[in-house]
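Participant: One structure follows; several queries about it will come next.
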Amino acid sequence: MAINAGNINEVELKSSLRKETIKSIKKDWQLYSLLILPIIYYIIFKYGPLYGNIIAFRKYVPGGPVYGTEWVGFRYFEMFITDPTFWNVFKNNIILSVGSLIFGFPLPIIFALLLNELSNGLFKRVVQTTSYLPHFLSAVIVAEIIMEMLSPTSGVINMLIKTLGGEPIHFLASPEWFRPIYWISGIWQETGWGAIIYLAALSNISPELYEAAAIDGAGRWQQTVHITIPGIMPTIIILLILNIGGLMGVGFEKILLLYNPLTYSTADVISTYLYRMGLESNNFSYATAIGLFESIIGFTLVTVANYVSRKLTDTSLW
Amino acid sequence: MINSSRGYKVFQVVNVLIMLVVIFVTLYPFIYLAAISFSSESYVYAGEVAFLPKGFTTMTYEVLMKEKDFWTGYKNTIVYTIVGTAICLFMTTILAYPLSKKRLKGRGIILAFIVFTMYFNGGLIPNYLLVKHLGMRNTIWAITIPGAISTYNMIIMRTFFEGLPNELEEAAMIDGMGTYRILVSIILPLSKPIMATMALFYAVGAWNNWFGPFLYFDKQEMFPVTLYLRNMIAGAQQTAVSSGSNTEDLTQIAATVKAATTILTVLPILCVYPFIQKYFVAGVMIGSLKE
């Protein structure tokens, strides 16, 4: 088609584009047909529940219609905002996740740096492979390990305490112990896995930099400070931002398995609270309102973190 | 690189020691549970088992082997893992492949539509109510369909497909091959590493899943082994194992039985782990390239 582009008005351009699209779909119908099932899946199973949040504003009666019976406005939001239990679980949620970030974030970096200094390749591989094994365990297994080790009668930790002359501690019945247990088990589970990404970043640092530094007389420590750490800094910053974006997330399953009414004061978080409100007490609308509030905070955090990331490092999720 | 400073040598020795401690700390819980599972109840109850079994016995395992609910759970877990992984792989592939093609019209819009759900999802209660109102409770579909596509995995797979050379496909298209045949006979054979990685990601998730079955299944005969174990540790259920023997020994039998059940539940993961871990790492790498 030898038409001068300048002569085509917008309408013609649009219709010719549409024709081209139709033509390409016809020609490539098999490629497009592959999308049908996944798109239906996304509409039903991802957007369906998203729309299902409407019951946060409508009264849902178990056994009644899916999307509730009548509009109630912000009644359920007012309910939880004036509910002291909600603010306590909100606080617990923040403490557990901020603690995980503070204790859990630097360790994979340190671990990766130490691994990187191992001169024996086989030993390095063995350590690394072992270290991320716990990442693949079910929350049930992790909970069982914790319960067994901390058992007041037969647990190995209390055995140690008794040997040292102390009194056995009923860890899982003590609110003051819940947070350390949560953080330490998280470190056990995720440090090795978290190190993978830093090891990849470390292996991308050019060996020439180290050679040049060695010629200039830099020792290993100076090399680490002036080459290694700056080399992985972009990765550290990106992961830190991502982690801040995901700050509302806590190990829901682990908490659900490990907490009990005795430790609710420190262990109960937003997700476990809404789980009990919704699925154990059948206050579906109330629980959905809390869940929606949590999602909005989470989404805001991710958006802000992403914006900061794009400004600072030129890397972003979208 | 030769570096013989004395301080660095000391550091290297200390570093090796630190790493040995890391290995020990990582593996100790498994050693501990294994020791309990092979010990006599009285030693466990007295708090004397720390590293090696005391009063070595295989009785716990023998009792557990006769437990019908345990085997039902194990069989269920295997079925859910196979069916779930197959569905996930199929759905993820048929979405990731078209999205890897630049010639797909509206690719950006579809991608935005999909990626949005990564950052804003429905939440626990709406998901539960959806499954309930679709009548999927107490069916295998409740735990296999709602999580059929992990958007994150789909993006990793798409990145892999984008990296495949285009020439083979173009040649096949000129030969008149349709997309279906190209996907099955050209793309999939080239994609074994990513398929293995994705299959493993999904399979481990399915094997470990207890919360889905806990939410959606009412019948004991449908429980996977993880839920069987969960009910055991929650004390919600006194199995025939403990009630069938001395009631006095209830707690310590529970401890050995719980330990043995745990060992048998993680055993398949522990056994295949050394062979599959490199695929997981590969998956993380491909995923991180995107970031």
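Values quoted throughout were computed directly from the atomic coordinates according to the rules given, and no laboratory measurement underlies them. These figures come from a predicted structure and were not determined experimentally. Backbone-built Cβ (ideal geometry, glycine too); neighbour counts: all protein chains shown.
Participant: If we count every other residue with Cβ under 12 angstrom of residue A:262's Cβ, Lys/Arg +1 and Asp/Glu -1, where does the sum land?
Facilitator: Around residue A:262, the charge tally is -2.
Participant: List, largest first, the extents of the alpha carbons of region B:1-62 along their principal axes, each in whole Å.
Facilitator: 57, 21, 14
Participant: Still on this model: Kindly state, as a whole number, the per residue volume in cubic angstrom of the convex hull around the alpha carbon atoms of region A:11-56.
Facilitator: Expressed per residue, the convex hull around the Cα atoms of region A:11-56 is 83 Å³.
Participant: Moving on. Assign one of three labels to region A:82-206, namely rounded, prolate or oblate, based on the Cα gyration tensor with a ≥ b ≥ c the square roots of its eigenvalues; rounded applies when a/c is under 1.5, prolate when it is not and a/b is larger than b/c, and oblate otherwise.
Facilitator: oblate
Participant: I've got another one for you. Can you put A:236, A:109 in order, fewest other beta carbons within 10 Å first?
Facilitator: Placing the least packed residue first, the sequence is A:236, A:109.
Participant: Subtracting the Cα-Cα distance from 0.36 nm times the residue separation, let me have the gained length for residue A:205 to residue A:310 in nm, one decimal.
Facilitator: 35.5 nm
Participant: With springs connecting C-alpha atoms under 10 Å apart, model chain A as a Gaussian network and identify which of A:264, A:76, A:32 has the largest mean-square fluctuation.
Facilitator: A:32
Participant: If all Cα-Cα distances of chain A are sorted into 20 Å bins from 0 onward, what percent lands in each bin, rounded to whole numbers?
Facilitator: Pairs per bin, as whole percents: 21, 43, 29, 7, 1.
Participant: Now, a different point. Residues of B:8-19, mean number of Cβ from any other protein chain within 10 Å of their own Cβ, rounded to a whole number?
Facilitator: Going residue by residue through B:8-19 and averaging, the value is 4.
Participant: Residue A:174 to residue B:164: FRET efficiency via 1/(1 + (r/R0)^6), r the Cβ-Cβ distance, R0 41 Å, to the nearest 0.05?
Facilitator: According to the calculation, E is roughly 0.15.
Participant: For a quick size check, give me the Cα extents of region B:66-129 along its three principal axes, largest first, whole Å.
Facilitator: Ordered largest first, region B:66-129 gives principal extents of 58, 28, 15 Å.
Participant: Can you put B:131, B:13 in order, fewest other beta carbons within 10 Å first?
Facilitator: B:13, B:131
Participant: Under a 10 Å cutoff between Cα atoms, tell me which one of B:183, B:124, B:104 has the largest fluctuation in the Gaussian network model of chain B.
Facilitator: Checking each option, the largest mean-square fluctuation is seen for B:124.
Participant: Another question about this same structure. Restricting to DSSP H runs of at least four residues, report the calculated mean residue ellipticity at 222 nm for chain A, -39500 (n - 2.57) per run over all residues, nearest 500 deg cm²/dmol.
Facilitator: -20500 deg cm²/dmol, from helical runs alone.
Participant: Then there's this: Send over the per residue convex hull volume for region A:23-118, Cα only, as a whole number of Å³.
Facilitator: It is 254 Å³ per residue.
Participant: With the Cα gyration tensor of region B:2-152 giving a ≥ b ≥ c as the square roots of its eigenvalues, does the rule (a/c under 1.5 for rounded; else a/b larger than b/c for prolate; else oblate) give rounded, prolate or oblate?
Facilitator: Since a/c reaches 1.5 but b/c is at least a/b, the shape of region B:2-152 is classed as oblate.
Participant: For labels at residue A:101 and residue A:67 in the simple 7 Å Cα→Cβ model, what's the distance in nm?
Facilitator: Those two pseudo-labels are separated by 3.6 nm.
Participant: Further question: To make sure I understand, if each residue's beta carbon is the centre and we count other beta carbons within 10 Å, what order do B:79, B:257 fall in, fewest to most?
Facilitator: With the fewest neighbours first, B:79, B:257 line up as B:79, B:257.
Participant: How big is the charge dipole of the protein assembly as shown about its Cα centre, in debye rounded to the nearest 20, if each Lys and Arg gets +1 on its Cβ and each Asp and Glu gets -1 on its Cβ?
Facilitator: For the protein assembly as shown, the charge dipole is close to 1360 debye.
Participant: What spacing in nm lies between the two simple spin-label points modelled at residue B:105 and residue B:12, each 7 Å away from Cα in the Cβ direction?
Facilitator: So the label points at residue B:105 and residue B:12 sit 6.5 nm apart.
Participant: I'd like to know which of A:13, A:168, A:200 lies farthest towards the positive end of the charge dipole of chain A, counting +1 on Cβ of Lys and Arg and -1 on Cβ of Asp and Glu.
Facilitator: Projecting each Cα onto the dipole axis, the largest value belongs to A:13.
Participant: May I pose another question? Rounding to the nearest 20 debye, state how big the charge dipole of chain B is about its Cα centre with +1 on each Lys and Arg Cβ and -1 on each Asp and Glu Cβ.
Facilitator: Dipole size: approximately 840 debye.
Participant: Around residue A:58, which amide H atoms from residues at least 5 apart in sequence, or from another chain, sit under 5 Å from its own amide H, with H modelled in the peptide plane?
Facilitator: Amide H neighbours of residue A:58, under 5 Å, 5+ apart: A:72.
Participant: At q = 0.05, 0.06, 0.08 Å⁻¹, work out log10 I(q)/I(0) for the protein assembly as shown with the Debye formula, treating every Cα as an identical point scatterer and leaving solvent out; two decimals please.
Facilitator: Evaluating at q = 0.05, 0.06, 0.08 Å⁻¹ gives log10 I(q)/I(0) of -0.27, -0.39, -0.68.
Participant: Just to check, using Stokes-Einstein with a Kirkwood Rh over alpha carbon pairs, what's the diffusion coefficient of chain B at 10 °C and 1.306 mPa s in µm²/s?
Facilitator: D = 70 µm²/s.
Participant: Would you work out if region B:68-238 is rounded, prolate or oblate? Take a ≥ b ≥ c from the square roots of the eigenvalues of the alpha-carbon gyration tensor; rounded if a/c is under 1.5, else prolate when a/b is larger than b/c, oblate otherwise.
Facilitator: Prolate.
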